[in-house]
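The structure appears below as C-alpha cells.
The values are calculated or read from the model by the stated rules, or taken from the named source; none is laboratory data. Just so it is clear, the model here is predicted, and its values are computed rather than measured. We place every Cβ from the backbone using ideal geometry, glycine too, and count neighbours over all the protein chains shown.
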Amino acid sequence: MIDIHCHILPGVDDGAKTMEESLEMLLMASNDGITDVIATPHFSSTYIQSVEKIRANVKELQYQAKNNNININIHYGFEVRMCLEIFSIFPSDLTPLTINGDGKYILLEPPFLDYPLFIDDIIDRVISEHIIPIVVHPLRNTRIISNLSILDKLKTKGVVFQFDKNAIMDGYQIKTSKIFLSLLKKGLVDLVASDGHSCDLRKPTLSNPYNRVLKAVGEDAANLLFTENPRRILKGEITDELHLISNTFFDKVKHIFNF
Ligand SMILES: [Fe+2]
C-alpha cells in the first residue's frame with residue numbers, strides 16, 4: 001500500500017514531535033504493509049513552511065530510516081489548507097507545494113465547519129495552473145456531509161477525493177462508513193490515506209480500512225484505492241475512476257457496514 005497523506009516529519013506541525021517518533025511511525029507503517037509514504041506537513045497561515053527545509057527534512061528522515069533498517073520510501077508534499085491567505089503567500093505558481101514538486105497533484109484541506117465561496121476560487125486557480133486538486137478527508141466538513149451534492153459538483157471540475165481511514169472505521173463523531181460506501185458506489189472515492197499524526201491516536205496504518213473495503217467490494221477495488229491510484233499520483237499519472245453501480249451487489253454486502 002502507498003500512503004499519500006501522513007504527518008511523519010519531526011517537529012514541523014502537529015504530527016511527529018521528534019525523529020524517534022517519526023522512525024517509530026515509519027516502522028509501524030512498514031510493518032502494516034506500506035511501501036511508500038508521502039510526508040505531507042500542514043501548510044497554512046499557521047504553518048508557513050519552507051519548501052527547501054521540508055525537502056531537506058525528508059532526505060534526512062529517509063537517511064535515518066535506512067540507518068535503522070526500516071524499509072520504506074519517503075516522498076514529499078504538503079497538505080495545503082484552503083484559506084484566502086494562500087493567494088498572498090503563493091501569488092503565482094503552486095508547483096513547489098505539489099507532490100514531489102512535479103506540478104501534477106496537490107493536497108488541499110477544506111475547512112471543517114463551513115464551505116466558503118473561496119473554496120471554488122482556490123480549486124479553479126489550481127486547475128488553471130494545470131495541477132489536479134486532491135481534496136482530503138471531505139467527510140470531516142460538516143457542510144459537505146449535510147449536502148453531498150457538493151462532491152458531485154467538485155468532481156465535474158476534475159477534483160480527486162482522498163478519504164481518510166476514519167471515514168471507513170467510523171472514527172469521527174458521527175458515523176460515516178455508510179456515507180463512505182454510498183460515495184464509493186457513486187465513483188466518488190478515488191483513494192484512501194492514513195492522515196497519520198502519531199503512533200497513538202491517528203496511526204500511520206492502513207490495513208484495517210483496507211480489509212474492510214476488501215470485504216465489502218473485493219480485492220480489485222481495494223487495491224485501486226490503497227495502492228494503484230496512490231501509485232499513479234506518485235508518478236504524476238491520471239487516476240483510475242471506480243464505478244460500482246450494481247445495487248444488487250451492494251445489497252449483498254451492506255450488512256458489513258451495518259446499515
Ligand atoms: Fe492531514
Check off (1) modelled with pLDDT under 95; (2) touching a Phe, Trp or Tyr at 6+ places or on another chain (Cβ under 6 Å); (3) not acidic (Asp, Glu) for residue 135 and give me the number that stays unchecked.
(1)
Within segment 33-54, take every residue that is within 16 Å of the ligand (Cβ to nearest atom) and part of a strand (DSSP E or B) and give me the one that is surrounded by the fewest Cβ atoms within 10 Å (Cβ to Cβ).
42
Among the residues that make up segment 203-213, is at least one of them crowded, with 19+ Cβ neighbours inside 10 Å, among the aliphatic types (A, V, I, L, M), at pLDDT 95 or above and outside any helix (DSSP H, G or I)?
yes
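Per-residue answers, yes or no, for (1) closer than 16 Å to residue 107 by Cα; (2) away from the ligand (no atom under 16 Å from the Cβ):
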{"residue": "141", "(1), (2)": "yes, no"}
{"residue": "146", "(1), (2)": "no, yes"}
{"residue": "154", "(1), (2)": "yes, yes"}
{"residue": "157", "(1), (2)": "yes, yes"}
{"residue": "164", "(1), (2)": "yes, no"}
{"residue": "170", "(1), (2)": "no, yes"}
{"residue": "182", "(1), (2)": "no, yes"}
What pairs come out if I take residues in segment 13-40 that are within 16 Å of residue 58 (Cβ to Cβ) and pair them with residues that are of a type in the set (Phe, Trp, Tyr) whose C-beta lies under 7 Å away, six or more apart or interchain?
13/47; 38/76; 39/76; 40/78
Test of understanding: among 104, 53, which residue is out of contact with any strand residue (DSSP E or B) (no Cβ under 8 Å at 6 or more places or on another chain) and among the basic types (Lys, Arg)?
53
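Look through 22, 30 and report the one residue that is within 16 Å of the ligand (Cβ to nearest atom) and of a type in the set (Ser, Thr, Tyr).
None of the other options fit; the residue is 22.
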In segment 189-202, the residues that are surrounded by 22 or more Cβ atoms within 10 Å (Cβ to Cβ) and within 16 Å of the ligand (Cβ to nearest atom)
191, 192, 193, 194, 195, 196
Breaking point among (1) at pLDDT below 95; (2) surrounded by fewer than 20 Cβ atoms within 10 Å (Cβ to Cβ); (3) more than 30 Å from residue 96 (Cβ to Cβ), for residue 184
(2)
